[in-house]
Amino acid sequence: MNSNRMVVAQRGVIPPPKHYADSAWFKYILSCCAATTAEMVTYPLDLTKTRLQIQGEKGLNGNGVATVPYRGLARTGVGIVQEEGLLKLWQGVTPAVYRHLIYSGTRMVLYEKVRDHLFTTRPDGTRPVWQAIVGGILVGGIAQFLASPADLIKVQMQMEGRRRFEGKPPRIHSASEAFVKIYAAGGLRGLWKGCMPNVYRSAFVNLGDLTTYDSVKRYFMGSWGLSDSYWTHALSSACSGLIGASLGTPLDVVKTRVMNQPTDVRARGLLYKNSLDCLMKTVRNEGFWALYKGFVPCWLRMGPWSLTFWLTYEQIRNACGTSAF
């Protein structure tokens, strides 16, 4: 009977059994493992970036006066360690990991499915860039929408250390408490506060990261003749980190400010009406380049993050017998 099934499978009637290593659920797990590793290694830069994006924001202290407690990446990071403690550099890492359990797993599996079933493959193995762009933006937006509540909790927890140092009462003490308070104040809708700038940002970051990595890697392998090795992964991830940071930083600033702003009893923002309002006020009050606050730590983080993620992801796929990305 088994031989009959094999013959039928070879004729294309019944597909041969698929090994679990190439199944969607297994790739989801592998991508979550790689993302968690990258997040833990580079998280202090993400915290520093968030603090830089908030500083100088008018209205944050309730008196309309902007304060700048730190200036620059190094002084911000050193200040956090001196005033709040070394471990505070990882404050908010728990919801950050939760976010990647949803975001990274979803975007990686969805992109691979879209790429393999809808993209056009040329003889040299490359695919049209416009298809990769559309696919990257689409899956990035979907994945971030699903993970937005975890991102909201992460941003608010990242700012708690600064609030306490300024003598303000703490808003939250843990990720679970933050979830309960946000839900109690605004219901399900409150958990998606600031979700649209987050979705836009992630769509562009995914365009810069996932689309760039996939396209550049195939270009290096097809046109330059490089093998699917560490060096190819490193070069591709370096390109993806730079492009991702360049495209994503302005929307990341807007996302951070919208998510961090205080709200009224109806969960409406007290500083900004929406993402566009935040964008306009930021440019008007602080200038265009305020949209690139935190770019250096964002780039310094996305570069190592991309490198760590892609090297880890490609190697564990190879170790588990999963086909190369």
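The values are calculated or read from the model by the stated rules, or taken from the named source; none is laboratory data. The shown structure was predicted, so the numbers you read here are calculated from the model rather than taken from an experiment. For neighbour counting, all protein chains shown are included, and Cβ atoms are generated from backbone atoms with ideal geometry for every residue, glycine included.
Go through (1) more than 21 Å from residue 280 (Cα to Cα); (2) among the small types (Gly, Ala, Ser); (3) in contact with a Lys or Arg (Cβ under 6 Å, 6 or more places away or on another chain) and name the single condition residue 248 misses.
In the conditions (1) more than 21 Å from residue 280 (Cα to Cα); (2) among the small types (Gly, Ala, Ser); (3) in contact with a Lys or Arg (Cβ under 6 Å, 6 or more places away or on another chain), residue 248 misses (1) alone.
Look at region 217-230 and say how many of its residues are surrounded by fewer than 17 Cβ atoms within 10 Å (Cβ to Cβ), assigned to a helix (DSSP H, G or I) and touching a helix residue (DSSP H, G or I) at 6+ places or on another chain (Cβ under 9 Å). I'd like the intermediate steps shown before the answer.
Narrowing region 217-230 to residues surrounded by fewer than 17 Cβ atoms within 10 Å (Cβ to Cβ): 222-230.
Subsequent filtering for residues that are assigned to a helix (DSSP H, G or I) retains 222-223, 230.
Filter again for touching a helix residue (DSSP H, G or I) at 6+ places or on another chain (Cβ under 9 Å), leaving 230.
Result for region 217-230: 1.
With respect to residue 254, determine if the residue is outside any strand (DSSP E or B), crowded, with 16+ Cβ neighbours inside 10 Å and touching a Phe, Trp or Tyr at 6+ places or on another chain (Cβ under 7 Å).
Numbers: outside any strand (DSSP E or B): yes; crowded, with 16+ Cβ neighbours inside 10 Å: yes; touching a Phe, Trp or Tyr at 6+ places or on another chain (Cβ under 7 Å): no.
So residue 254 fails the test.
Can you find, within region 183-216, the residue that is surrounded by the fewest Cβ atoms within 10 Å (Cβ to Cβ) among those that are of a type in the set (D, E, K, R) and over 29 Å from residue 264 (Cβ atoms)?
Going through the qualifying residues, I end up with 214.
Identify, by number, the condition in (1) modelled with pLDDT under 85; (2) farther than 18 Å from residue 198 by Cα; (3) crowded, with 23+ Cβ neighbours inside 10 Å; (4) not aliphatic (A, V, I, L, M) that residue 240 doesn't meet.
(1)
Any residue at all in region 273-283 that's assigned to a helix (DSSP H, G or I), in contact with a helix residue (DSSP H, G or I) (Cβ under 7 Å, 6 or more places away or on another chain) and basic (Lys, Arg)?
no
Output the qualifying pairs, or none if there are none: Cβ atoms under 8 angstrom, residues six or more apart or on different chains, first residue in region 122-138 and under 21 Å from residue 198 (Cα atoms), second residue modelled with pLDDT of 80 or more and not in a helix (DSSP H, G or I).
132/119; 135/119
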